[in-house]
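The values are calculated or read from the model by the stated rules, or taken from the named source; none is laboratory data. Nothing here was measured: the structure is a model prediction, and the numbers come from that model. Neighbour counts run over all protein chains shown; Cβ positions are idealised from the backbone, glycine included.
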Amino acid sequence: MSKQGSHHATSAAAGTRGGFSSGLGVLAATLGSAVGLGNIWKFPSLTGANGGAGFLLIYLLSTLLIGLPLMIAEIAIGRQARANPISALRQLAPRGAPWWLIGAAGMAAAFLILSFYSEVVAWVFAYVAKAVAGRLLSSDPVQTQASFDALVRDPVQSLVWQWVVLGLIGGILLLGVTKGIEAVTKRLMPLLFLLLVLLCGYSLTLPGRAEALSFLFAPEWHRITPAVVLTAMGLAFFKLSIGMGTMMTYGSYFTPGQNIPATAVRVMLADLSVSLLAGMAIFPAVFSFGFAPSAGPSLVFITIPAVFAQMPGGQVLLAAFFILTAIAATGAMLSIMEVPVAILHERWGLTRPRATLLTLFVLMLPGAGCALSQSTLAHVRPGGRTLFDWADFVSSNLLMPAGGIAIALFVGWAWGERAFAAQLSNQGTLGNQGLARVLCLLLRWVTPVLILLVMLTGLGVFAG
Ligand code: PFF
């Protein structure tokens, strides 16, 4: 598209550009993007598979040193430009510099994440249906494992549930009821929190409690390898929805008066608490019922039904748990899909419904690759990973960190401290210039080097 054409498309869309309406709305939407399967599915299974406390510690460090500064940077870029990631970076970059490529890579990452994320949401939806129908609950771990295997090894169920999920998310975006879902999420997120607290309280009465707590909080240093560090950093990116333009897109919907650093800190803390609650709900049960903490992606799907089987009203709680998980995942999926939709709408001049339909259409092929990766395509394992695992690995451990490096360099070197500080301080009204200075130094010198080192060591570039 020519420069003039793109400018025209951007300004045409700008007139109809939506945004979050209040401080609470901003917080709910941003938290809605962060909280999702990452907390309830990815965090426990990765912590379990990578040795527990040591992994947790590195994840916390990555969140503080890398995740938080980048989240603040992305939101600031978005709010300054008030446009989708590609247009935003074109607008703020020095003339002709190709920083917009970060937005393009982000769009690719969004498709990759949606491909496997939608499949895990598909399992969650299938579990909701089965729980409501009175199935799944069993105190026999062999049985709960078998139920999960039966689902993921069935190509028809895997595909159909994925399409149900994609249809639903697309439908929500098509109807333009983002406000509706926002309102629903706002009410139901506290419920998810409550249920997790309840589950956690119960789980901590189980005999495996001591073993679980030492697994989660007493590091065994020898288990920390470069690959574990890379995975932990990847989780920090995935959790905070950064490195691929999602927070930039949401930042473009922020209200002018919103305190960006304070919002980012709140979202990070709330998100961490949900993950820790999920961990403390799941691991005591894992150790009590003799599951392996390293079970991987199936962990939540096999332990939770076994835990609820021990509790009064377990069947209802089981349905409630997966319904709330589905809701949390919906908020996150909407935010991932918003990246390609905003780009296609604003830059290509497609209407929002058309942009949504095109996104769903493009998603069908890679989505099916992930959905069938444990059945029809189980034998397709280049480099020993299934297609599902590849989509997960490449997005979290390569694309998002690489995007993070580029965003840090952009803010530190191209956009510059003055503009960044003005955005963070709401044009001087917040008096946080010192913070902007520190963040800018961090983004300029520390963040990119740190990410690069973790990536290269994690990928074994320095080995042998
Ligand atoms: N943060 C979400 C989660 O933890 O489930 C996943 C996610 C959302 C990743 C948005 C990336 C993204 F852009």
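In the range 285-330, which residues are among the aromatic types (Phe, Trp, Tyr), surrounded by fewer than 24 Cβ atoms within 10 Å (Cβ to Cβ) and in a helix (DSSP H, G or I)? Steps first, answer last, please.
Within the range 285-330, the subset among the aromatic types (Phe, Trp, Tyr) is 287, 289, 291, 301, 308, 321-322.
Next, only the ones that are surrounded by fewer than 24 Cβ atoms within 10 Å (Cβ to Cβ) stay: 287, 289, 291.
Passing the criteria: only Phe287.
How many residues, within the range 263-283, are buried (at least 18 other Cβ atoms within 10 Å of the Cβ) and of a type in the set (D, E, K, R)?
Number of matching residues: 1.
Looking at the range 380-415, which of its residues are in contact with a helix residue (DSSP H, G or I) (Cβ under 9 Å, 6 or more places away or on another chain) and surrounded by fewer than 16 Cβ atoms within 10 Å (Cβ to Cβ)? Talk me through it step by step, then tell me what you get.
Keep residues of the range 380-415 that are in contact with a helix residue (DSSP H, G or I) (Cβ under 9 Å, 6 or more places away or on another chain), which gives 380-383, 385-415.
Matches in the range 380-415: Val380, Arg381, Pro382, Gly383, Arg385, Trp413, Ala414.
Identify, please: which residue in the range 212-250 is within 16 Å of the ligand (Cβ to nearest atom) and in a loop (DSSP other than H, G, I, E, B) and is, among those, nearest to Tyr117 (Cα to Cα)?
To start, the set of residues in the range 212-250 that are within 16 Å of the ligand (Cβ to nearest atom) comprises 231-250.
Cutting the leftovers down to in a loop (DSSP other than H, G, I, E, B) gives us 240-245.
Working: Leu240: 15, Ser241: 13, Ile242: 16, Gly243: 17, Met244: 15, Gly245: 17 Å.
My answer is Ser241.
Just to confirm my filter: which helices (runs of 4 or more DSSP H) fall fully inside the range 381-464 and include at least 2 residues that are modelled with pLDDT of 95 or more, touching a Lys or Arg at 6+ places or on another chain (Cβ under 9 Å) and more than 22 Å from Met248 (Cα to Cα)?
Numbers: elements: 387-393, 400-409, 417-424, 433-441, 447-458.
Hits in the range 381-464: 387-393.
Only one of (1) among the hydroxyl-bearing types (Ser, Thr, Tyr); (2) away from the ligand (no atom under 13 Å from the Cβ); (3) within 30 Å of Ala436 (Cα to Cα) is not met by Ser375, so which one is it?
(3) is the only condition that Ser375 fails.
Give me the pairs, please: first residue somewhere in the range 252-279 and aliphatic (A, V, I, L, M), second residue anywhere and surrounded by fewer than 20 Cβ atoms within 10 Å (Cβ to Cβ) and assigned to a helix (DSSP H, G or I), beta-carbon distance under 8 Å, and either six or more positions apart or on two chains.
Going by the 8 Å Cβ cut-off, the qualifying pairs are Val267/Leu27; Leu272/Leu60; Val274/Phe193; Leu277/Phe193; Leu277/Val197; Leu277/Cys200.
Determine which member of the set Val160, Val142 is under 29 Å from Thr246 (Cα atoms) and surrounded by fewer than 17 Cβ atoms within 10 Å (Cβ to Cβ). Outline the logic, then answer.
On the way: Val142 fails: under 29 Å from Thr246 (Cα atoms).
Exactly one of Val160, Val142 is under 29 Å from Thr246 (Cα atoms) and surrounded by fewer than 17 Cβ atoms within 10 Å (Cβ to Cβ), namely Val160.
Would you list the helices (runs of 4 or more DSSP H) that sit entirely within the range 21-115 and hold 2 or more residues that are more than 16 Å from the ligand (Cβ to nearest atom) and at pLDDT 95 or above? Even if it seems obvious, please write down each step before you answer.
Working: elements: 23-34, 43-49, 53-62, 68-81, 85-92.
Once the helices (runs of 4 or more DSSP H) in the range 21-115 are filtered for at least 2 residues that are more than 16 Å from the ligand (Cβ to nearest atom) and at pLDDT 95 or above, what remains is 53-62, 68-81, 85-92.
(1) surrounded by fewer than 17 Cβ atoms within 10 Å (Cβ to Cβ); (2) under 30 Å from Asp154 (Cα atoms); (3) more than 24 Å from the chain's Cα centre (by Cα): which one isn't true of Leu377, the others all being true?
(1)
Tell me whether the range 196-204 contains one or more residues that are assigned to a loop (DSSP other than H, G, I, E, B) and either within 19 Å of the chain's Cα centre (by Cα) or more than 16 Å from the ligand (Cβ to nearest atom) (or both).
Filtering the range 196-204 down to residues assigned to a loop (DSSP other than H, G, I, E, B) leaves 204.
Cutting the leftovers down to either within 19 Å of the chain's Cα centre (by Cα) or more than 16 Å from the ligand (Cβ to nearest atom) (or both) gives us 204.
Yes, the range 196-204 has at least one match.
Among the residues of the range 343-364, how many are over 21 Å from the mean Cα position of the chain (by Cα) and either outside any loop (DSSP other than H, G, I, E, B) or closer than 15 Å to Gly18 by Cα (or both)? Let's see the steps before the verdict.
Narrowing the range 343-364 to residues over 21 Å from the mean Cα position of the chain (by Cα): 344-355, 357-358, 361.
Of the ones still in play, those that are also either outside any loop (DSSP other than H, G, I, E, B) or closer than 15 Å to Gly18 by Cα (or both) are 344-346, 351-355, 357-358, 361.
Of the residues in the range 343-364, 11 are over 21 Å from the mean Cα position of the chain (by Cα) and either outside any loop (DSSP other than H, G, I, E, B) or closer than 15 Å to Gly18 by Cα (or both).
Could you check how many residues of the range 218-239 are surrounded by 14 or more Cβ atoms within 10 Å (Cβ to Cβ), more than 13 Å from the chain's Cα centre (by Cα), touching a residue at least 60 places away in the same chain (Cβ under 8 Å) and under 29 Å from Ser288 (Cβ atoms)?
Number of matching residues: 5.
Of everything in the range 324-339, what is hydrophobic (A, V, I, L, M, F, W, C) and more than 10 Å from the ligand (Cβ to nearest atom)? Give them in sequence order.
If the condition is that a residue be hydrophobic (A, V, I, L, M, F, W, C) and more than 10 Å from the ligand (Cβ to nearest atom), then Leu324, Ala326, Ile327 are the ones that fit.
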